[in-house]
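The values are calculated or read from the model by the stated rules, or taken from the named source; none is laboratory data. Computed from a predicted structure; not experimentally measured. Heads up, the Cβs are rebuilt from the backbone with ideal geometry, glycines too, and the neighbour counts pull from every protein chain shown.
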Amino acid sequence: MSTREAGFDEQLDSLLAWEEAQEEGVLDIVKQVIKDVRTRGDEALLEYTNRFDRRELSDASELVLGQEAIDAAAARVPAEQLRALEQAAERVRSYHQHQVSQSWSYTEADGTVLGQKVTPLDRVGLYVPGGKAAYPSSVIMAAIPAKVAGVPEVVMVSPTPDGEVNDIVLAAAKVAGVDKVICVGGAQAVAALAYGTETVAKVDKIVGPGNIYVATAKREVFGVVDIDMIAGPSEILVVCDGLTDPDWIAMDLFSQAEHDELAQAILVSPDAAFIDAVEKSIKALLPSLARAEVAAQSLRDRGALILTQSMDEAMTLVNRIAPEHLELSVDEPERYLDQIRHAGAIFMGRHSSESLGDYCAGPNHVLPTSGTARFSSPLGVYDYVKRSSLIYCSEQGASSLGKIASVLARSESLEAHARSAEYRIKQD
């Protein structure tokens, strides 16, 4: 594509358009599951787990994975993988410690004290896909900021189809400081976390990825509990000046395209010859990927190589697209930072591949997708705390503020508000 072409804006809008596919009947099924778990608790949780995960459990206590089982799973993980988990966790923890905010207050001249109290959530639930799916990095990214924030209890739910536990996911839970692991998944797990059962304690917030049933359930329980987000397909936007190795750029595009067929990978550059070189690299390297078919369909359906007239125009496209991952594969990338207003994570320079951010750079890899970087932020410590306002009026402060409040309350015809404030006005 080229920004010079007639109809480019319409082409780009069509490329970026994405709506979550809603399979017919999913919402009805999810609502029924939530209702069952809410009304019947553990009984419903066991029924759904035995049905969908092909289990034969007779007591809900069997859903809770003991520390001995978690330790045994971690012990089965190869030493190299366990060390990599620990190293990643150390870096993620170090980064997120910089996000910790403290309570604060200030005192006005008349003695009135105003401020803010920062308090961690009591309990959060972390949903982790189970079975053969292995996303230990997501466990680290979701659990560690919660523990850094001071959340006393992080509960991980993950299905175990046919009783199959995922060792590296459990090892990640141990490394990240997860407090409890419960072997339940699907909409029933989300419902249990939101409303609580005899075995699963109600949480304040649910985070983590899942299939369409999990995503729909999270949307349904929002308001009863908080959620992190309803994430769309993975995205990467690479801006390059034409001086990076084309093979590097091709592989960076693949790093998102291999996620699934709906993932989006876009290159933007003012250098036409470089775009041609990257296209040749894509064709040469694609067959070498284990997930070549998935990546090929992603690139065919939702990928693009876009020629711009300048780097400034490239920055305009960045803000229009508001990508989940943005790579600035240029010299002196800091020159462009002030122009970028919308991006989930910004990878600066030719050596900062998006994949490093996925696993071990330190910043969180749970990022806003589908253009929501226009108003959303990466998951972080601030998502696991709440803020309470502090108002401590001195006698003089209550008197002076009361006069203002009285006028405004009566303008709204709220007499009790006005009189409550007026009672505290000092009589001269």
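Looking at this structure, is Gln297 modelled with pLDDT of 95 or more, surrounded by fewer than 19 Cβ atoms within 10 Å (Cβ to Cβ) and assigned to a loop (DSSP other than H, G, I, E, B)? Criteria not met by Gln297.
If you filter segment 209-245 down to residues that are assigned to a strand (DSSP E or B) and among the β-branched types (Val, Ile, Thr), you find that the one that is farthest from Leu121 (Cα to Cα) is Val239.
Each row is one residue, and each column tells you yes or no for (1) surrounded by fewer than 21 Cβ atoms within 10 Å (Cβ to Cβ); (2) in contact with a Gly (Cβ under 8 Å, 6 or more places away or on another chain); (3) of a type in the set (D, E, K, R).
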{"site": "Val139", "(1), (2), (3)": "no, no, no"}
{"site": "Pro152", "(1), (2), (3)": "yes, no, no"}
{"site": "Glu164", "(1), (2), (3)": "yes, yes, yes"}
{"site": "Ala171", "(1), (2), (3)": "no, no, no"}
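Quick one: in segment 246-292, which of the residues that are hydroxyl-bearing (Ser, Thr, Tyr) and assigned to a helix (DSSP H, G or I) is farthest from Ser352 (Cα to Cα)? Restricting to residues being hydroxyl-bearing (Ser, Thr, Tyr) and assigned to a helix (DSSP H, G or I), the top hit is Ser288. Applying the condition of being closer than 19 Å to Ala304 by Cβ and touching a residue at least 40 places away in the same chain (Cβ under 8 Å) to segment 1-59 and asking which residue is surrounded by the fewest Cβ atoms within 10 Å (Cβ to Cβ) yields Arg4. With the requirement that a residue be of a type in the set (Ser, Thr, Tyr) and either assigned to a helix (DSSP H, G or I) or within 20 Å of the chain's Cα centre (by Cα) (or both), what does segment 145-182 give you? Correct list: Ser158 only. Would you confirm whether any residue within segment 7-16 is modelled with pLDDT under 95 and in a loop (DSSP other than H, G, I, E, B)? Yes, there is a match, as at least one residue in segment 7-16 is modelled with pLDDT under 95 and in a loop (DSSP other than H, G, I, E, B).
Specify which of the listed residues (Ala314, Ala361) is small (Gly, Ala, Ser), part of a helix (DSSP H, G or I) and at pLDDT 95 or above.
Working: Ala361 fails: part of a helix (DSSP H, G or I).
One residue alone meets the criteria, Ala314.
Residues in segment 393-418 that are more than 22 Å from Tyr106 (Cβ to Cβ) and β-branched (Val, Ile, Thr): 1 in all.
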